[in-house]
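Here's the structure we're looking at; comments come further down.
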Amino acid sequence: MSRADVVLLPGFGGAAEQPILVKFSTRLEALGFSCRRRAPKRGKLTPGLELETAWLSKVLAEVPGPHVVVGRSFGGRGCVRLGKRELVSACVLLGFPVRPPGKPRPLDEAALLEVTVPTLIVQGDDDELGPLKVLDRLVKRNRLLELHVLEGAGHSFGRQEAAALEYAAAWADRVLRGK
């Protein structure tokens, strides 16, 4: 029996088979996690966070926890909204688009401040969709948030992708073991 159920959500317009999610779920399964890459029935994650959050709650209710939710970019926006509910034990956000240029997202910032479970944000230092100065301020205000910065990486992580996934997998393993 696996020790945790992990649900992985793609980025905006991405499908469940998004390559970064396939790689990450393979790494997590090697650590003993049960992984499910999911996207809504229409096949791709698109705007409509309330609908996406309701859909994700149903997915999590299918299997007893503990649950870890992983969101790539836009998928992370739904994850943090569940990070204050009992269905979720931890969140991993791979490139969180907290404040794209010219598009403040106060609800996303508020959601991060309200998270009540351990939450890892893996962010490139050159990610214009999630400026580090915004994330740093939020992490300082919520002790359950951890920010791991990838030097020289943008929103898609590029050459830093393997390092990002390795760090995130080790973090999930450590957090769920309670060490």
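FYI, it's all coordinate maths here, none of it is from the lab. Remember, predicted model here, so these are calculated numbers, not experimental data. Cβ: placed from backbone, ideal geometry, glycine included. Neighbour counts: every protein chain shown.
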The exposure ranking of R177, R137, fewest beta-carbon neighbours within 10 Å first, is R177, R137
Expected vector for the range 4-13, Karplus 3J(HN,Hα) from phi with 6.51, -1.76, 1.60 and θ = phi - 60°, integer Hz, x for Gly and Pro, equals 7, 9, 10, 10, 10, 10, x, x, 3, x
List the GluC sites (Glu not before Pro) within the range 80-121 that fall in a DSSP loop (any state other than H, G, I, E or B) and whose Cβ has at most 12 other Cβ atoms within 10 Å. E86
Net charge dipole size for the chain [Lys, Arg +1 and Asp, Glu -1 on Cβ; Debye, nearest 20]: 360
R72's amide H: which non-local residues (gap 5+, or another chain) put their own amide H closer than 5 Å, with H modeled 1.01 Å from N in plane and none for Pro or chain starts? L9, G11, L94
Most packed first (mean Cβ within 10 Å per residue), the peptides 89-101, 7-19, 54-66, 152-164 order as 89-101, 7-19, 152-164, 54-66
Looking at the chain, what % of the alpha carbon pairs are farther apart than 26 Å? 20
tail above 18 Å in the computed P(r) of the range 71-145, as % of all Cα-Cα pairs, reads 28
Along the range 140-155, Karplus-curve 3J(HN,Hα) (6.51, -1.76, 1.60; θ = phi - 60°) to the nearest Hz, with x for Gly and Pro, reads 5, 8, 10, 5, 7, 8, 10, 10, 10, 9, 9, 5, x, 10, x, 5
³J(HN,Hα), Karplus 6.51/-1.76/1.60, whole Hz, each residue of the range 117-132, x for Gly, Pro: 10, x, 9, 9, 10, 9, 9, x, 6, 10, 8, 6, 7, x, x, 4
Non-local residues with an amide H under 5 Å from the amide H of C35, with H modelled 1.01 Å from N and Pro and chain starts lacking one, are V6
